[in-house]
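Here's the structure we're looking at; comments come further down.
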Amino acid sequence: MNKTALRALLRERRALIAPESHGFSRPTGQGRRARGLSQHQVDQLLHRAIGTYHRLESGSYPNPPTAFLRDVARLFGLNEQEWASLCRYALAQEPPGPLYSSSGKEIAGVWQEAVDGISHMAYVTDASWELLAYNDAFAALFAQGNVPSNTMRWMLLDRNGRESLTDWRNSWAPMVLPQLRAALTARPDDEILRQIEKEVLTDPEMATLYEVDGALIHPDGHERPLRHAEQGPGWVSICAAQPMAAPGSRLFILIFKAGVQRNHTRAPVLRAN
């Protein structure tokens, strides 16, 4: 727990909330003059025992429940980056999921320009794996440039996807299905992901694979066989990252090298000296 940073974040955001906006009256005589909600008022609004919030802000609440942290974050109107900071300061860990269900569904428009400036295949998906932006190099991967609207659905359920993803049964499906499970763990109410899972479970082969525990939750650094619509069979190296303001969204850069056999050496790991 980082008590100093936690206290500073919570005090700053609490001070921005007018008590009147939540039905409290500000005292007119002698008494409290600090800006924002009082700690006691926070407890009232969150239906917690008096003193609960004080323990959090003072840093004397070890391992507070994430449900309580989420309630505080929403009351204070934190954004996703501030929510991440709250979890790091209070629990020394990343958030268990996004603060708002709508987060990760949109990114800044400049991402399209950024993707267009990448020479390799590149695209950005939202938290439901819906395609948000892609470049011409990525479109060329597909016959007639028929880019799928949801890349998770394409990889798992589309017949064309299975034809493009060489050795789908061994090299792709066991790697992609754990990502679906991880996404649903973070967003259990996501209707798009739930529908994909439902269709996966109706396929006997995939249902069996889906039930097998898999630790992989991202493909960053992986190399897999792939059939390119224009360049034929080859191997793709996957680079993955996340736009910071949109948890669950992803930037993928696919570096393609043609050839039936992998005839190149992998680049060495980058490490600061």
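The values are calculated or read from the model by the stated rules, or taken from the named source; none is laboratory data. What you are looking at is a predicted structure, and each value in this text was computed from that prediction instead of being measured. Every residue, glycine among them, receives a Cβ derived from its backbone with ideal geometry; neighbour counts consider all protein chains shown.
For every residue, the table says whether it meets (1) closer than 26 Å to S237 by Cβ; (2) under 18 Å from the mean Cα position of the chain (by Cα); (3) assigned by TED's automatic domain parsing to the domain that holds G234; (4) of a type in the set (S, T, Y).
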| residue | (1), (2), (3), (4) |
| --- | --- |
| F138 | yes, no, yes, no |
| L141 | yes, no, yes, no |
| Q144 | yes, no, yes, no |
| P174 | yes, no, yes, no |
| R181 | yes, yes, yes, no |
| R187 | no, yes, yes, no |
| K198 | no, no, yes, no |
| T202 | no, no, yes, yes |
| M206 | yes, no, yes, no |
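Here the condition is being surrounded by 17 or more Cβ atoms within 10 Å (Cβ to Cβ), part of a loop (DSSP other than H, G, I, E, B) and of a type outside the set (G, A, S); of L78, L16, L6, it holds for L78 alone. Count of segment 100-123 residues, restricted to those that are closer than 16 Å to A140 by Cα and of a type outside the set (F, W, Y), is 8. Any residue at all in segment 121-137 that is in a helix (DSSP H, G or I) and within 30 Å of H228 (Cβ to Cβ)? Yes, segment 121-137 has at least one match.
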